[in-house]
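As structure tokens, the structure follows; a few thoughts come after it.
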Amino acid sequence: MKAAEWLSFLEHVQIVFTSGPPLPPDEEGVPAVLRSTLQKYRAEIARYSSTLTRLEAALGDQSEAIKRILVRDGVQSSTVGTILQILKAAEGKSVELLLQQVVGLLSPKTKNGGKISVCIASLSEASEDTERACKRIWDAKHGYLLTPRLPSEPIESAERHDIPVAVIEVMVAGWLQNVTVPGETKDAIHLLAGLLDIKVFHFDIPQATLVSAATFWRKIEDDLVQEEARLVALRKALKAKDPKGTTLLLQEIGVPDTTELDEEMMKLPADLKDLVERLSDSEVELTFSLAAFTQLQRAAMGVPEAANALMLQLSLNYNNESSPSFCLHYDTDRHFETLAHTRYVCSAGSEDPTKQICTSAQTALTWQLSRVIYSEIRRGTTAIASILQYVNTWIPKLAQLCVSCCTRNAQSIQLRRSTPCTGSPFACAQLWYNLPLHVRVPEIRTDTFSVDIALASVYAAAVANKPELLPNCPIRGNEYIKSILNALPSMGVMRDAVNLSSILASYHADAEKLISWAVVHHRGFLATATGLLKIPNLPPGTHQFVLANASPKLENAFVQRIDDHKKDTTVLFHGTSLDRLPAILAQGLRVCSGTALQRTGAAHGKGIYLSDDPSTSFYYSPASLSWKNSGLSNMRMMLGCEMIGTANKVTGNIHVVTDPESVIVRYVLMFPRDCTRVPIRGHIEPAMASGMKALRSGAA
């Protein structure tokens, strides 16, 4: 019998029997439905008839709680009145169903009517956040979890799960232990947890409880990920068959018609978004600034003078139908945005790139960086943010790495140009030397005098006819070397040649081989001094070069000496002949006293003779012949050296250094043969000291 029917029945019974003979005074002998206590109780709850009907609709006709209320079984009438009054006040409000569900917990066994009354009183006045939290706890206790749904449906809908008690206990503890949750919310949750027999943890949660909850949520997460993958695959399949129809369908059900690329770009950190441009559904262009490159680094790596950025165009493998591919361009490349790009494919069967990729002019920087990018993509890195961060991390380090295999050549020293490593010299060097000459030696187009001095020094060494002066030269025979150099065209012709290799081959078969060795054999970087590195007050016609860095081995040894001695460095000078330069660049200044390479006497014992006075060193700088079309013939060479601490000053301004690793060449100065005005130390030493410091710190 429904509540309204029961109340109506009791009322009619009373009417019938009150018009008949009086009932016995002892109610024990009167049927229950005729007893005055029940009729009085009926009169009290009759005004809540509609409330009881709503409660009945929420809990069902057979609800034990409603039966207990109607017959006042195990529940005080005052408690029932309070409960019904609260329910009536909540009619039509969002909290009504939750209150009705809590009332459904009424039980004569536990006599929990008072607790229920207090709980629903708290919930009826609770905030929306409190109400929402208690609803989630109720649902979880009864096996329902809120999971993401389609946007066209309610944002969250409950799905049935077999939920371990530990999950609910952790949920409750999460709210109760959160210092930001208001006290009234915690009170309501605590009351509800007591009614639902949920164990409450005000402080630490047992490890076993946490593990059980985590295991459950991990399974839920896996299910969601699998469902996402299924839906993504379904969307791809539909798009492949009917792109327009799929777009309309997605609009109808409220699903954004975004690609995986769009979704990935939306997740990019704010500081990376401006560096990524979307080109198509699976193609992006990433921008890498070259602002951190110094002028010397740009020259050494072949970066175009006006280039400010590198552009990496990336085709990503979202549909599993093709492998990722990429190409690199400078922002100065003409029309590269509208070109049909030929990207390098990073497939299982591909190898590290060794040749030019796409249409951009190949440089040492793009060749080396392409190999770095290829290796990372083949390792499985295809996320845009990861590639951005990876390349940005590597770009400043490139000069410290082997140009071919990216093995680190140096740690704490400043290098400007990548060179092949010494670990596997043949393999790495072979890859490097197979590249066009202008890629390996970009200065042949941008700094011709730095190439000229390298060739002039090789020519002078060949004239001297001492094998020790050309260490590891791949071409044998001094006369043969001179014939190659004298056959070369002028540096201007080499600079402007479109196909340099063909031009050089037309002059001599071994021309390119010798030029390449002459410039890079020492594994350092010699360049014309410009900007802050240029020394003022030198005589007219002087050519000044800076050894931006010596070989990694020499630089490492020098820096180690500085760290060991903790001393400042000093500018000293060394006068010698041009034929010594190839060996000096490759091996550093050596102690040649008592050997076949000793040029002058050793009056103050064995050692490297230096001077703090340029005019003294200049005295030991003879004029040297050069190759036929050189622009540096008949010039005198003096070296500007950086010395750790102070050398052994033997007399006047002469210093003798016995530790070769404590001195390094930084400047190569070429004076005209007829130079009569030798610079004064005070006029050039400050600029040289500043330049040396900038080179060592990486500022230049």
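The values are calculated or read from the model by the stated rules, or taken from the named source; none is laboratory data. Here the structure is a predicted model, which means the values were calculated and not measured. In this analysis, Cβ positions are derived from the backbone assuming ideal geometry, glycine residues included, and neighbour counts consider all displayed protein chains.
So the values come out like this:
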| read-out | value |
| --- | --- |
| Lone unmet requirement of (1) surrounded by fewer than 21 Cβ atoms within 10 Å (Cβ to Cβ); (2) part of a strand (DSSP E or B) for Gly640 | (1) |
| Any hit, region 326-334, residues being buried (at least 21 other Cβ atoms within 10 Å of the Cβ), free of Cβ contacts under 8 Å to residues at least 24 places away in the same chain, more than 19 Å from Trp432 (Cβ to Cβ) and touching a strand residue (DSSP E or B) at 6+ places or on another chain (Cβ under 8 Å) | no |
| Test result for Leu532, part of a helix (DSSP H, G or I) and either modelled with pLDDT under 95 or in contact with a helix residue (DSSP H, G or I) (Cβ under 6 Å, 6 or more places away or on another chain) (or both) | yes |
| Among residues of region 281-325, those that are over 28 Å from Ala548 (Cα atoms), surrounded by fewer than 15 Cβ atoms within 10 Å (Cβ to Cβ) and touching a helix residue (DSSP H, G or I) at 6+ places or on another chain (Cβ under 8 Å), counted | 2 |
| Filtered residues of region 489-528 (kept if charged (D, E, K, R) and part of a helix (DSSP H, G or I)) | Arg495, Asp496, Glu512, Lys513 |
| Unique match (being of a type outside the set (Phe, Trp, Tyr), in contact (Cβ under 8 Å) with a residue 24 or more places away in the chain and assigned by TED's automatic domain parsing to the domain that holds Leu632) among Leu500, Leu538, Leu485, Leu504 | Leu538 |
| Residue in region 85-112 that is surrounded by the most Cβ atoms within 10 Å (Cβ to Cβ), counting only those that are of a type in the set (Gly, Ala, Ser) and within 18 Å of Ile45 (Cβ to Cβ) | Ala90 |
| Pair list, Cβ under 7 Å, 6 or more apart: region 287-312 residue assigned to a loop (DSSP other than H, G, I, E, B), other residue among the acidic types (Asp, Glu) | Ala307/Asp331; Asn308/Asp331 |
| Filtered residue count, region 555-602, keeping only those that are out of contact with any Pro (no Cβ under 9 Å at 6 or more places or on another chain), of a type in the set (A, V, I, L, M), at pLDDT 95 or above and farther than 20 Å from Asn653 by Cβ | 3 |
| Every residue from region 56-76 that is under 15 Å from Leu7 (Cα atoms) and assigned to a helix (DSSP H, G or I) | Glu56, Ile66, Lys67, Arg68, Ile69, Leu70, Val71 |
| Selection within region 685-700 - surrounded by fewer than 19 Cβ atoms within 10 Å (Cβ to Cβ) and not aliphatic (A, V, I, L, M) | Pro686, Ser690, Lys693, Ser697, Gly698 |
| Lone unmet requirement of (1) touching a His at 6+ places or on another chain (Cβ under 8 Å); (2) assigned to a loop (DSSP other than H, G, I, E, B) for Ile475 | (1) |
| Those residues of region 193-239 which are among the aliphatic types (A, V, I, L, M), surrounded by fewer than 15 Cβ atoms within 10 Å (Cβ to Cβ) and under 33 Å from the mean Cα position of the chain (by Cα), in sequence order | Val211, Ala214, Leu224, Val225, Ala229, Leu231, Val232, Ala233, Leu234, Ala237 |
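For every residue, the table says whether it meets (1) touching a strand residue (DSSP E or B) at 6+ places or on another chain (Cβ under 6 Å); (2) at pLDDT 95 or above; (3) among the aliphatic types (A, V, I, L, M).
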site	(1), (2), (3)
Val663	yes, yes, yes
Arg666	yes, yes, no
Ala689	yes, yes, yes
Ala700	no, no, yes
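Residue by residue, here is whether (1) touching a residue at least 60 places away in the same chain (Cβ under 8 Å); (2) within 46 Å of the chain's Cα centre (by Cα) holds:
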site	(1), (2)
Gly645	yes, yes
Asn648	no, no
Asn653	no, no
Val656	no, no
Arg666	yes, yes
Leu669	yes, yes
Pro672	yes, no
